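Read the structure below first, then the notes.
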Amino acid sequence: NAACSSGNISTTLDGATADVGRFTSIAIGTDQFPVVSYRDVTNLDLKVAKCADPACSNPAMVTTVDGAGTNVGEHTSIAIGSDGLPVISYYDVGATNLKVAKCADIDCSVPAGITTADGGGADLGRYSSITVPGDGLPIIAHYSASAGRLRAVKCTDLACAGSSAAVVDASADVGAHASIGIGADGLPIIAYHDVTNGTLKIARCGSATCASGNTLSVLDTNAVTGHFTSITVGGDGLPFVTYRDVSGDGLMAAKCANAFCLDYWSRR
C-alpha cells in the first residue's frame, strides 16, 4: 500500500556474486518497470538490474554495464533520458573520475556508451547524482574530493559525450553526499554536506549549467548533519530533503518554505 505498512514484496534482484548491491539508485522505465543501478563489489563492476514487472517479483535481467577488469561503479545514480533510455553517472575508482553510461536499450542489455564526464587527473565523481531537466540534457552534481568542491557537469548531448563543468560551491570543503533535483523554474537545486562545518547546505543554481548566479544556503546547522541526502521537489514547487543527522544518529526531513530553501517550514 502507499504507506508500505502491509503487503510488501521483497525480492533478491542479484545474488549471483558474494557482494553486490552497494550504491543503488532506481528509476522507472518507459515500460513502467523499475531499473536499478548498483556496484558489484566482488567484481568491481557497474551493474544494472531491469525488473520484469512493476513489483520486481519475477527474475530481473542483470547486466554488467561497465567492467572489463576495471574498478568502477561507486556512487551510482540513474535517470531516464528524454529518449526513454537510462543514463547512469558513477565514480570510476581506478581512474578517480566521473563517468557516464548511456544505455542503448531500456534494459541496458546492449553494450552501453561509456564516457568520462569530468576528469583531468583530479579526484572527481564521488557522490554523483544525475537528473534530466526539461531541455532533455542530463546534469550531474558530484564532489571533488581533491579540491573539496561541489561541482556540476552539464551534458551537451543525451549520452554526455560532450559536457561542461562548473564549480557550484567553493566556500570550504563542501559537496559530499550530493543530491540534485529540478526546481519549479526548471533550474537545478542541490542538497549536500559541508564537510568543514558539518552542516547541510542547499545550492540553487542560477542557470541551467550551474555556472553562474547560484544561491547558497545552510538548511541545518546541527553538529554533524547532512549525510546521505536525497532531494525532490513537491507539487507545490517547494524542495523536500531527507538526510542523516550523524550526531543525533537519526533520519531527518526538511521541507523548504521557499524555492531557494532560505527558510524551512518543518524539520524533524
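Quick notes on this structure:
- A cut-off under 13 angstrom between Cβ atoms defines the neighbours of Asp92, and their net charge, with Lys, Arg +1 and Asp, Glu -1, is -2.
- Note: relative contact order over the chain, using C-alpha pairs below 8 Å and six or more positions apart, is 9 percent.
- Comparing Leu46, Leu85, Leu200 in a Gaussian network model of the chain where C-alpha atoms under 10 Å apart are linked, the largest mean-square fluctuation is found at Leu85.
- Net charge over other residues, Cβ less than 10 angstrom from the Cβ of Cys210 (K, R count +1; D, E count -1): +2
- Euclidean distance of C-alpha centroids, segment 1-56 and segment 181-216, integer Å: 29
- Label of the coordinate-derived value, Cα extents along the principal axes in Å, listed as (i) 66, 39, 32; (ii) 48, 45, 35; (iii) 62, 50, 37: (ii)
- When the chain is treated as a GNM with alpha-carbon contacts under 10 Å, the residue of Val246, Val72, Val35 showing the greatest mean-square fluctuation is Val246.
- When each of Lys50/Lys99; Lys99/Lys201; Lys50/Lys201 is checked by Cα-Cα distance, pairs over 28 Å: Lys50/Lys201
- Between Ala16 and Asp53, the FRET efficiency estimated from the beta carbon spacing at R0 = 30 angstrom works out to 0.90.
- Overall form of segment 52-185 per C-alpha gyration tensor (a/c, 1.5; a/b vs b/c): prolate
- Net charge of Cβ neighbours under 13 Å - reference Val48; Lys, Arg +1; Asp, Glu -1: -2
- Computed lengthening from Asp185 to Met61, 0.36 nm per intervening residue step minus Cα-Cα distance: 41.0 nm
- Residue separation of Val233 and Ala170 scaled by 0.36 nm, minus their Cα-Cα distance, works out to 20.2 nm of gained length.
- Among Gly29, Gly148, Gly15: highest mean-square fluctuation, GNM of the chain, C-alpha pairs under 10 Å: Gly15
- Cα gyration tensor shape of segment 164-227, rounded if a/c is under 1.5, else prolate or oblate by comparing a/b with b/c: prolate
- Once the chain from Ala104 to Ala257 is taken as fully extended at 0.36 nm per residue, the excess over their C-alpha distance is 51.1 nm.
- The mean accessible area for residues of the chain, using a 1.4 Å probe and ignoring ligands and nucleic acids, is 41 Å² per residue.
- Between segment 217-260 and segment 121-173, the alpha-carbon center distance in angstrom: 21
The values are calculated or read from the model by the stated rules, or taken from the named source; none is laboratory data. Computed from a prediction, not measured in an experiment: that's the story for all the values here. Counting neighbours? That spans all protein chains shown, and the Cβs are built from the backbone with ideal geometry, glycine included. Just so you know, the surface numbers come from the protein's heavy atoms only, side chains and all, with ligands and any DNA or RNA stripped out. Shrake-Rupley method; radii C 1.70, N 1.55, O 1.52, S 1.80 Å.
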